[in-house]
Amino acid sequence: MTTLLLTHPACLEHDTGYGHPERADRLRAIGDALAAPTFKTLKREQAPLADLAAIERLHPTAYVEMVKASIPKRDHKWLDPDTVVSPGSWEAALRATGACIYAVDQVMAGNADNAFCAVRPPGHHAEPSRAMGFCLFNTVAIAALHTRAKHGAGRVAVVDFDVHHGNGTQAAFWSDKDLFYGSTHQMPLFPGTGARDETGVGNIFNAPLAPGDDGDDFRMAFEQRILPALDQFAPDLLLVSAGFDAHVRDPLAQLRLVEEDFAWVTEKLLEAAAKHCGGKLVSTLEGGYDLDALGASTAVHVETLMGAAS
Ligand SMILES: [Zn+2]
């Protein structure tokens, strides 16, 4: 029993062009960090391709076909001012989504205690019918729907500590009381959603933070809002949208977290998973745009996951 690490070289081939923050070097930085001896006991596997049927539990067929048709034969095509695709983007998106689905299958089957998916493009801004914020398919939301359809899990939670609000995941879960979404994020900041009073059917828990807030504020938001709500929800599986752009070094936002804060939140989420669902937790990469901070923060996140693995 161990921690599963999923990635795929195809995720490097989603080319966003010169100067784009969501770039392939992010995964290279994570790969370098996870090459340290500490990580030699990780169970490493290549991410499979997602089935379109799994993606279409969330995204309408017309949207999936639009994304596929938008992939250029060369160069780039912009889907919105932030979101760009290249010839390699289709396979990358299917691998990123496929990683999370496969990780769910392995964790639900007991073949791994927990898992981390080092993949891109990220997912949490993708709404059912709209690509945005560097995201094409909403990986965690698709994985949540897959968990219910294929594993008989009644209740699935997503906790999102990326510095941006996961508007896409919130939109996907909005009216379904058996899907939980809890998020800390900076406000004001892209995409503009995530106020405390956005509560869905009592299943959405937003804890916005102010520019300049630090790890103490972040931990208080978890202790006071996200973790008690998660405890009450009692999930059958915990999914994590692991963005590391709340780090003090990140260029896209103004929170002041450090690596220890990511270790802390990972430990708290593992405790919640242990209490309610036998420790079943699948984490997937969202943001994080300072390469050194991203590598170091991902390393403490995965190391903490491994610490819980027996
Ligand atoms: Zn982000």
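Nothing in this text is a laboratory measurement; each read-out follows from the coordinates by a stated rule. Just so you know, these numbers come straight off a predicted model, no measurement behind them. A quick note on method: Cβ atoms are made from the backbone with ideal geometry, for glycine too, and the neighbour counts reach across all protein chains shown.
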* Stretchable slack from Lys77 to Thr2, in nm (0.36 nm times residue separation minus alpha-carbon distance) -> 23.0 nm
* Got the relative contact order for the chain handy, in percent, Cα pairs under 8 Å and 6 or more residues apart? -> 20
* Asked: Order of Met66, Met108 from fewest to most other C-beta atoms within 10 Å?
  -> Met66, Met108
* Please report, to one decimal in angstroms, the Kirkwood hydrodynamic radius of region 24-158 built from all distinct Cα-Cα pairs. => 15.7
* **region 200-246: proportion of alpha-carbon pairs further apart than 15 angstrom, %** => 54
* Structure fact -> Cα-Cα longer than 31 Å, checked against Lys40/Lys275; Lys150/Lys275; Lys40/Lys268; Lys68/Lys268, kept in input order, equals Lys68/Lys268
* Size of charge dipole - the chain - debye, nearest 20, with Cβ of Lys, Arg +1 and Asp, Glu -1, no other charges -> 820
* Segments 37-43, 123-129, 156-162 sorted - mean Cβ within 10 Å per residue, highest first -> 156-162, 123-129, 37-43
* Asked: Put +1 on the Cβ of each Lys and Arg and -1 on the Cβ of each Asp and Glu in the chain; which of Phe173, His151, Cys100 then has its Cα farthest toward the positive end of the dipole?
  -> His151
* To do: Apply the Kirkwood formula to region 3-70: the hydrodynamic radius equals the inverse of the mean of 1/r over all pairs of different alpha-carbon atoms; give it in Å with one decimal.
  => 14.6
* Asked: If we restrict to alpha carbons, what Rg and Dmax does region 88-215 come to, in Å?
  -> 14.7, 42
* **Phi-based couplings in Hz for region 119-132 (Karplus 6.51, -1.76, 1.60; Gly and Pro marked x)** => 9, 8, x, x, x, 6, 8, 6, 8, x, 10, 8, 7, 6
* To do: Go through 17-25, 166-174, 139-147 and give me the packing order, highest mean Cβ count within 10 Å leading.
  => 139-147, 166-174, 17-25
* Exposure proxy ranking, count of Cβ atoms within 10 Å, fewest first, for Tyr102, Tyr63 -> Tyr63, Tyr102
* What residues of region 159-174 lie in the reach of a label at Thr199, counting those whose backbone N is under 16 Å from a point 7 Å from the Cα along Cα→Cβ? -> 174
* In Å, what Rg and Dmax follow from the Cα atoms of the chain? -> 17.3, 49
* Structure fact -> Convex hull around the C-alpha positions of region 153-310: the volume in Å³ per residue is 91
* **Using alpha carbons only: equivalent-ellipsoid semi-axes of region 214-270, gyration tensor based, whole Å** => 22, 12, 9
* Might you report the magnitude of the Cβ-based charge dipole of region 64-136 about its Cα centre, with Lys and Arg at +1 and Asp and Glu at -1, to the nearest 20 debye? => 280
